[in-house]
1. Out of all the residues in region 321-340, which are in contact (Cβ under 8 Å) with a residue 60 or more places away in the chain and of a type in the set (Gly, Ala, Ser)?
2. Quick check: anything in region 68-76 in contact with an Asp or Glu (Cβ under 9 Å, 6 or more places away or on another chain), surrounded by fewer than 22 Cβ atoms within 10 Å (Cβ to Cβ), modelled with pLDDT of 95 or more and more than 29 Å from ILE381 (Cβ to Cβ)?
3. For SER323, indicate whether it is touching a Lys or Arg at 6+ places or on another chain (Cβ under 9 Å) and not in a strand (DSSP E or B).
4. Of the residues that make up region 156-173, is at least one outside the structural domain of SER70 (by TED's automatic domain parsing), within 21 Å of the chain's Cα centre (by Cα) and at negative phi?
5. Which of the strands (runs of 3 or more DSSP E) contained wholly in region 20-118 include at least 1 residues that are closer than 25 Å to THR225 by Cα and touching a residue at least 24 places away in the same chain (Cβ under 8 Å)?
6. If you take the residues of region 123-149 that are among the hydroxyl-bearing types (Ser, Thr, Tyr) and surrounded by 15 or more Cβ atoms within 10 Å (Cβ to Cβ), which of them is farthest from GLY227 (Cα to Cα)?
7. Within region 351-363, is there a residue that is surrounded by fewer than 20 Cβ atoms within 10 Å (Cβ to Cβ) and either within 16 Å of ARG389 (Cα to Cα) or not assigned by TED's automatic domain parsing to the domain that holds CYS262 (or both)?
8. Could you identify the single residue in THR312, THR385 that is surrounded by 15 or more Cβ atoms within 10 Å (Cβ to Cβ), hydroxyl-bearing (Ser, Thr, Tyr) and farther than 27 Å from ALA11 by Cα?
Amino acid sequence: MNINLFDDHSALSLRPLTFTRPVADLRIGILTIAEKWEKYSSAAVGFCTSGYLAVKYKIRPDADTYINGSICPDLHLFDAIAALQSGEVLSQDTIIIAYKVNPGELLSLAEGALLRPVHYSGTFTQIVFPEDIFKNNDVQLRADFALLTKGRVSAKLSATNTVLGDQIFLEEGVEAECATFNTLTGPVYLGKNSQVWEGSHIRGSFSLGEGSRVKMGTKIYGQTTVGPFSTVGGELNNAVIWGYSSKGHEGYLGNSVMGQWCNIGADSNNSNLKNNYAEVKLWDYEQLSFRKTGLQFCGLIMADHVKCGINTMFNTGTVAGVSANVFGSGYPRNFIPDFAWGGPQGFDVYALEKMFATTEKVFERKNVEFNQIEKDILASIFELTSIYRSF
């Protein structure tokens with residue numbers, strides 16, 4: 001099975017998170033959706049995505065199976081897709097799950113929807129809105145833990161740590177001393193060369209990515225993912241941090257999603273519950289208005305490249321667009337547009353050249369090249385999001 005993962009309408013409803021990536025590149029649980037499909041199929045996947053993203057996220061020309069990139073795999077679903085014959089499409093209600101073609105045959109989603117229908121009656125996890133990421137993170141983290149650790153033996157954990165339960169797995173190179181891990185509430189996965197510093201208290205489910213650090217005295221309440229090459233501190237609860245980001249100091253992050261290349265300043269906090277306990281609304285890019293989430297607990301949705309200064313206060317249900325730079329006292333607005341520069345006292349446009357100069361330094365610190373492909377993607381997003389910047 002050679003797979004291309006296609007974007008459907010969720011690529012719009014998941015903005016601003018999907019301005020910088022295909023839907024299948026979203027991290028939920030331990031792995032991205034694409035990495036999950038690669039584990040199941042034992043092969044690299046391709047992407048069918050927006051034109052400006054396609055230069056970085058390439059299509060697989062020999063693909064014979066097209067799968068909805070917003071859907072997380074499980075064994076039953078994978079078997080149903082593997083059983084498809086060429087010219088068949090697997091669907092449930094109005095959702096196109098997957099379709100099969102002859103190897104190398106390129107069919108759009110609209111064309112694939114017209115193939116011979118096969119109904120799928122099972123349940124599955126689909127990521128449609130930004131809040132679906134933290135809502136489903138616990139289930140996906142547990143599934144990924146089982147997928148990654150099956151038949152394997154964990155590296156040894158230092159005897160200076162305290163562990164409740166036995167659902168803990170360490171990759172090689174993990175450094176952890178004088179920390180507590182409660183795996184009775186869910187599994188704990190510590191990635192290659194990750195670090196957990198002294199005095200940290202961690203409840204599962206929890207995943208720490210390759211090369212990432214949990215700083216001294218951090219409190220993690222579970223259902224939390226920290227992706228690769230990130231640093232966290234303070235207090236985290238049901239938060240998903242994709243990678244290459246830093247929330248390294250005191251402050252609370254809960255019921256939230258934090259993209260890549262982000263930095264949250266010291267003593268910054270987000271609210272995840274309104275004072276009147278009312279339903280939280282989130283900014284919807286497609287509707288150009290605030291959408292009801294049906295949630296009482298919903299914190300911060302932070303797209304890639306967002307930075308905030310020390311003591312920043314994010315109100316309940318705040319959406320910060322790509323490369324927003326937030327600072328100043330008081331609460332900023334609940335929708336902070338992409339490439340906005342400022343805070344409660346007002347915003348200006350964050351000029352692309354100025355943003356590039358900062359990003360060059362950020363990438364350099366992580367030994368990653370800020371190449372022309374990345375610059376072109378950000379330039380495209382800058383133009384696409386100009387309608388949201390009315391300042």
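1. Answer for region 321-340, where residues must be in contact (Cβ under 8 Å) with a residue 60 or more places away in the chain and of a type in the set (Gly, Ala, Ser): just GLY321.
2. Among the residues of region 68-76, not one is in contact with an Asp or Glu (Cβ under 9 Å, 6 or more places away or on another chain), surrounded by fewer than 22 Cβ atoms within 10 Å (Cβ to Cβ), modelled with pLDDT of 95 or more and more than 29 Å from ILE381 (Cβ to Cβ), which makes the answer no.
3. When the stated conditions are applied, SER323 passes them.
4. no
5. Qualifying strands (runs of 3 or more DSSP E): 46-48, 65-68.
6. The residue in question is THR125.
7. yes
8. THR312
The values are calculated or read from the model by the stated rules, or taken from the named source; none is laboratory data. Remember, predicted model here, so these are calculated numbers, not experimental data. Backbone-built Cβ (ideal geometry, glycine too); neighbour counts: all protein chains shown.
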